[in-house]
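Single-structure report; data block below.
The values are calculated or read from the model by the stated rules, or taken from the named source; none is laboratory data. Owing to the predicted nature of the structure, the values given are computational and were not obtained by experimental measurement. Methodologically, a virtual Cβ is constructed for each residue, glycine included, from the backbone with ideal geometry; neighbour enumeration extends over all protein chains shown.
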Amino acid sequence: MIKKIIITQVLILSLFAHDMWIDDAQVLHCGHMHMKDSHGEEKEIKKEDINKVFCSANSDIFEVQSKELSAKCDTLFVILNEAYYTKTPYGTKKQSKDETKMAISSFKSIESVKRINSDDSGQIFNKGLELSLTNKLSNIKVGDKARLLVTYDGKAIPSVSVAYSDKVRGVSDKDGRINIRIQEAGLQNIKASLTLKDDGIKSDEIIHSSTLNIKVLK
């Protein structure tokens, strides 16, 4: 049992280690956001890898059927296709537990990324795990705290791990809140991760990971 838990934790950490971000050209990337750490692993996420795209604009929230990312959105929220990862004695396979021989441990990955572009935004989309900003984006400068709310299906949740600048900074409090101090100007990458138990057939656990992108100008 201990061995199984350790293996699952390693799989989770490997998933949590990569970055996801929407750049200024409204292109979704996966890899390492800072080029000096990329080692050629950065890739652009294509439409076929995206499950759904939601947009908040002019106080209206709607699904973007074309899956196009638009700068006209006050906030963009992108959910990727779910994926299964199963550990075996011969390595990790990207498939469900019930399709894998000699499965040791497995999880289903559900990833999302949100980019907030303006203060005039309906930020909570009620779609799984989300990070939202509770103070005004335009007021945040380097050295200030981004005041965050962690929700799951629109409800605030405690004890969710939140990482920034490649380090876990803490967990959300009983009201789902956590503050992160901004260290440098530019596009920020703040990540939350939540593990839920699955039925053990296709996977043992469901790993929700959600990234928040905000741009701090100074």
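When you go through S112, S121 one by one, which is the residue that is assigned to a strand (DSSP E or B) and of a type in the set (G, A, S)? Within the list S112, S121, the selection yields S112.
Check G170 against each of (1) part of a strand (DSSP E or B); (2) more than 14 Å from A146 (Cα to Cα); (3) among the small types (G, A, S) and name the one condition it does not meet. Of everything listed in (1) part of a strand (DSSP E or B); (2) more than 14 Å from A146 (Cα to Cα); (3) among the small types (G, A, S), G170 misses just condition (2). Among the residues of the stretch 162-197, those identified as touching a residue at least 40 places away in the same chain (Cβ under 8 Å), small (G, A, S) and either on the phi > 0 side of the Ramachandran plot or buried (at least 18 other Cβ atoms within 10 Å of the Cβ) (or both) are A163, A192, S193. When the residues of the stretch 127-157 are filtered to those that are in contact with a Lys or Arg (Cβ under 6 Å, 6 or more places away or on another chain) and polar (S, T, N, Q), the one that is farthest from K191 (Cα to Cα) is N135. Of all residues being surrounded by fewer than 22 Cβ atoms within 10 Å (Cβ to Cβ) and among the basic types (K, R) in the stretch 109-149, which is nearest to the chain's Cα centre (by Cα)? Just the residue, please. That would be K127.
The number of residues in the stretch 161-196 that are closer than 20 Å to S112 by Cβ and in contact with a strand residue (DSSP E or B) (Cβ under 7 Å, 6 or more places away or on another chain) comes to 22. Filter the stretch 116-157 down to the residues that are among the basic types (K, R) and within 22 Å of F62 (Cβ to Cβ), then identify the one that is modelled with the highest pLDDT. That would be K155.
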